[in-house]
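As structure tokens, the structure follows; a few thoughts come after it.
The values are calculated or read from the model by the stated rules, or taken from the named source; none is laboratory data. As the structure is a computational prediction, the values presented were derived from the model and not from experiment. Neighbour counts run over all protein chains shown; Cβ positions are idealised from the backbone, glycine included. What goes into the accessible areas is simple: the full protein's heavy atoms, side chains included, and nothing from ligands, DNA or RNA. Shrake-Rupley method; radii C 1.70, N 1.55, O 1.52, S 1.80 Å.
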Amino acid sequence: MVSARVGRGAVLGAVALSLLAVPARAAPGEPDTPTATAHPPAALPAPDTAGLAAALRSAVERGAPGALARIDDHGRTYRATSGVADRATGRAISTGDRFRVGSVTKTFSAVVLLQLADEHRLALDAPVNRYLPKLLPDDGITVREVLSHRSGLYDYADDMFADSVSGFEAVRKKVFGYRQLLALSLRKPRTNAPGAAYSYSNTNYVVAGMLIEKLTGHSLRTEYEDRVFKPLKLRDTFYVHPRTGIPGRYARGYLTPDKAGDPLVDATDQTVSWAQSAGAIISSARDLDVFYGALLGGRLLSPARLEEMERFTRVNGTTAYGLGLRRRDLPCGVSVYGHTGVVQGYSTYAFASKDGSRSLTALANTSNNASASAALAEALDAAFCGKGGRAAER
Ligand code: REY
């Protein structure tokens, strides 16, 4: 095991030229199959451990109290940390700390639904309203469109958090029903006709949670546990909604206020009820590495369902979205598969190579800080591009 433990240090040089290296792509929202544009898997270069440590240090320099990363690569583990888990006690952050994963939850929800599709209990091209009569205002919206963010259902979170701190405090301890969240979305016009465009929306994964509970007759928590957490032995992974705490040892999370200079808000204790099946899972770097390794390695879904999960819609020059799965095309020419997640206090990147043999999870215990998040994203280059990837970027 190689371990790189770092303290606060020099700011990493900005890596801003990556877009230049990306060839022309389909327009946003256009189908973009992996065979058409994703980079083929090749032997990956060794992870750049110094680059990994530098990315975390940079996130801390830019305002994150702490940052951690863990790479799992063919049974070998690389770990790095910078900064603190708790600003009050000064405890150093650890790669074993649990945290809130935000929308990484969406991959778990999609896996449960795709398993139900594998069991012939759900048809991806059926209207949502077949399973939840009259739920949506348009019978044309299919399950596949919901899972790929092409339903046109407006994201209620956009309004909820227009002001980051007051928006958060208004919902921190609140318990929502799925239908309440959906009603918030349906007050607004839809963003596009069903299937016509990609438009990321938490509302889609609220619908996913409703489908899981309706089709199985069980709680979302039971389905996550029985289908994913227990089979993969994810002992740091929990769905405790609507409880407000994180079990065991965890990093506290700090929300960055919109007004520069205002103090960070300790956002650790919250129901995350505004997100639920779209964003309320708690996990650790090890568990997310195991999860994406297993998913991409074909251990959670049939090959046919995994292939459907990996049918991508172009989002922008460097990312594409499948079914609860993002693809990021790194500047060195490697594509990685996983999800990002942001809930108040926590920003996560969790991605794996095409075959799942190398996974990276990186976390900063702050949110609403684009610059710290961009620094954290550099951990991906370090993990999958090696030293050559970084040099090629400059
Ligand atoms: C919600 C706002 C972000 C977070 C979101 N997260 O949709 C889902 C995801 C679960 O994709 C909040 N931002 C922050 C603001 C912006 O308040 N005004 O950064 O903590 O992970």
Log10 I(q)/I(0) at q = 0.19 Å⁻¹ for the range 75-178, from Debye over equal alpha-carbon scatterers, is -1.11
Candidates Ala43, Ala64, Ala320; GNM for the chain (alpha-carbon contacts under 10 Å) flags as most fluctuating Ala43
Sorted by accessible area with a 1.4 angstrom probe, largest first, how do Asp269, Asp97, Asp139 fall? Asp139, Asp269, Asp97
Filtered hits (lysines, Cα-Cα < 20 Å from Lys230, offset >= 8 within chain) -> Lys106
Be a star and scan the range 123-142 for residues whose amide nitrogen sits under 16 Å from the point 7 Å along the Cα-to-Cβ vector of Arg179. 129, 131-137
If packing is taken as the average count of other Cβ atoms within 10 Å, what order do 46-56, 189-199 fall into, highest mean first? 46-56, 189-199
If the chain between Asp269 and Thr222 were fully stretched, how many nm would it gain, using 0.36 nm times the residue separation less the Cα-Cα distance? 14.7 nm
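Averaged per residue, what accessible surface does the chain expose to a 1.4 Å probe, in Å²?
Numbers: 14660 Å² over 394 residues.
Per-residue value: 37 Å².
If r is the Cβ-Cβ distance from Arg187 to Lys214 and R0 is 22 Å, what FRET efficiency results, to the nearest 0.05?
On the way: r = 23 Å, r/R0 = 1.05.
After rounding to 0.05, the efficiency reads 0.45.
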Translational D (Stokes-Einstein, µm²/s) of the range 85-141 at 4 °C and 1.567 mPa s when Rh comes from the Kirkwood sum over C-alpha pairs? 87 µm²/s
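Order 278-290, 156-168 from most to least packed using the mean count of other Cβ atoms within 10 Å.
Working: 278-290: 26.4, 156-168: 16.5.
Answer by packing, highest mean first, reads 278-290, 156-168.
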Once both label points are put 7 Å beyond Cα along the C-beta direction, the Ala374-Ala197 separation in nm becomes 2.5 nm
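With the convex hull built on the Cα atoms of the chain, state its orientation-averaged projected area in nm². It would help to have the intermediate numbers written out before the result.
Numbers: hull surface 69.8 nm².
The number I arrive at for the chain is 17.5 nm².
Which order do the peptides 80-87, 255-262 come out in when sorted by mean C-beta neighbours inside 10 angstrom, highest first?
Values: 80-87: 23.5, 255-262: 13.9.
The packing order, highest mean first, is 80-87, 255-262.
Rounded to the nearest 500 deg cm²/dmol, what is the calculated helix-only ellipticity per residue at 222 nm for the chain, with -39500 (n - 2.57) per DSSP H run of length n ≥ 4? Mind dumping the intermediate values first?
Details: 13 runs with 124 residues, N = 394.
When only DSSP H runs of four or more count, the value is -9000 deg cm²/dmol.
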Compute the whole-percent fraction of alpha carbon pairs in the range 173-314 spaced more than 19 Å apart. 65 percent
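First compute the accessible area of the chain with a 1.4 Å probe, then give the percent of it belonging to carbon and sulfur atoms.
In the chain, the share of accessible area belonging to carbon and sulfur is 53 percent.
Hey, with R₀ at 25 Å, roughly what FRET efficiency would Asp262 and Ala92 work out to, going by the Cβ-Cβ distance, to 0.05? Each step should come with its number before you reach the end.
Working: r = 25 Å, r/R0 = 1.02.
Once the sixth-power term is evaluated, E becomes 0.50.
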